[in-house]
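The values are calculated or read from the model by the stated rules, or taken from the named source; none is laboratory data. None of these values were measured; they are calculated from a predicted model. Cβ placement follows ideal geometry from the backbone for every residue including glycine, while neighbour counts extend to all protein chains displayed. With ligands, DNA and RNA removed, areas are computed over all heavy atoms of the protein, side chains included. Shrake-Rupley method; radii C 1.70, N 1.55, O 1.52, S 1.80 Å.
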Amino acid sequence: MAKKSVEAPPLGVAPRILIVRLSALGDTLMTTPIAQALRESFPNAHIGWVVESRCADVIEGNPYIDRVHRWDKTLSGLISVVREIRRESYEVALDVQGLLKSAVIPWLARIPYRVGFIDARENAFCLFTHPLPSPPPASFVSGRNLQLLEALGIPIDPSRHRLYFPLNDFNRQTARLKLASFGLEPKRFVVLAPATTRPQKHWLEERWSRLAERLCKDLEMPSVLLGGPSDKTLLERIAERCSTPLPIICDLSLKDAVAVIELASALVGPDSFPIHAALAVGTPAVALFGPNDPFRFKAESGITVLEHDLPCRPCRRRPTCGGAFTCMALITVDEVLEAVEKAVSQAKI
């Protein structure tokens, strides 16, 4: 039986607050506005964040956060991070992930007040001391993350509490050197980021190649393929199809790769981390959406959503098209090219 929601926990003037968002890269980045909102409401607070090690670069260096707790996803690592969190004497944990793995960490760490939404999956709400009513869908990119603070009576402003990705001069210099090795100049190229974690979110490989050709021919704008080491084979296939030079960058750290995005004129990608990163660093993004509903992005400036309505959308993780992925196939090179041209033009105004 679900617990009844109760009054917000006492926070005081200098609360010790733990944000719990373990993964994934894009979702972690979309949680960063709550750190800013918390810091503004509680300037003297001690704010920590527990995150999986592979996502820690998203928040390491964030000026609104005092302590980052990394979990390597092992059992011994869980024991270690729980002990580390206990030593910080947090008073309140904000579980914005809503899974058993996220709820169990503050529970094991004996944090007195554990807050999350009642619709947390895997019965994670059973470990909350303060299960809050589920909010309606929010039409801003940080969505439920800021709504959790709002439910606690903490002021939020989606127009001001924005995604934040911490970069430093070293990251930017590394990115500039990498781009220079390909003869690319800052703000004179487009990032193509084709890789995603699920096949139904992929755009057709040959269209990436065709888009790069058209960007070069029609807009006189060179492109670069950006991904991680595991994306190398995909990027190589796309580059091989292309009749114009199409450099591949897949050997940079996450922060250095985001610095490349910051230096670009625009970014094109499906529903994956790079479009969130572009939004965070102020680079115009053209986002290709198929199985997921992009309602959170439609009111955002700096991002153009391309999609085609179908009766089967959104199917999310359960496509019904037998592998045709028609929603992505309907997105044409012409409409992406037009969106890039418009985004770059508007950014120059």
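Counting only alpha carbon atoms, the long axis of helix 169-181 and the longest principal axis of the chain meet at about 20°. Computed from Cα positions, the angle between helix 205-218 and the longest principal axis of the chain comes to roughly 60 degrees. The residues of segment 182-337 have, on average, 43 Å² of accessible surface per residue, using a 1.4 Å probe with all protein chains present. One equal scatterer on each Cα of segment 67-109, no solvent, Debye formula: the resulting log10 I(q)/I(0) at q = 0.13, 0.24, 0.25, 0.29 Å⁻¹ is -0.24, -0.88, -0.95, -1.24. Within the listed set Phe125, Phe325, Phe289, the Gaussian network model of the chain (springs between alpha-carbon atoms below 10 Å) gives the highest mean-square fluctuation for Phe325.
Using the alpha carbons alone, the radius of gyration of segment 51-152 stands to its Kirkwood radius in an Rg to Rh ratio of 0.96.
Between Pro194, Pro135, Pro222, where does the largest GNM mean-square fluctuation fall for the chain, given springs only between Cα atoms within less than 10 Å? Highest fluctuation of the listed residues: Pro135. The average projected area of the chain, computed from the convex hull of its Cα atoms over all directions, is 18.4 nm². Which FRET efficiency value, to the nearest 0.05, do you get for Glu220 and Ser253 by plugging their Cβ-Cβ distance into 1/(1 + (r/R0)^6) with R0 = 41 Å? Once rounded, the FRET efficiency stands at 0.85. Please determine, in degrees from 0 to 90 and to the nearest 10, the orientation of helix 75-87 with respect to the longest principal axis defined by the Cα atoms of the chain, where the helix direction is its Cα long axis. Computed tilt is about 60 degrees. For the cross-link pairs Lys298/Lys342; Lys217/Lys298; Lys101/Lys255; Lys178/Lys348, the ones whose C-alpha atoms lie over 28 Å apart are Lys217/Lys298. The relative contact order of the chain comes to 15 percent, based on Cα pairs under 8 Å that sit 6 or more residues apart.
All C-alpha pair distances within segment 246-349, sorted into 5 Å bins from zero, spread as 2, 12, 21, 22, 18, 14, 8, 2, 0 percent across the bins. Dipole check for segment 227-349: with +1 at the C-beta of Lys and Arg, -1 at the C-beta of Asp and Glu, and the Cα centre as origin, the magnitude is about 340 Debye.
Averaging 1/r across all pairs of distinct Cα atoms in segment 1-108 and inverting the result yields a Kirkwood radius of 14.2 Å. The share of C-alpha pairs in segment 257-307 whose separation exceeds 19 Å stands at 16 percent. Relative to its residue count, segment 138-295 spans a Cα convex hull of 126 Å³ per residue.
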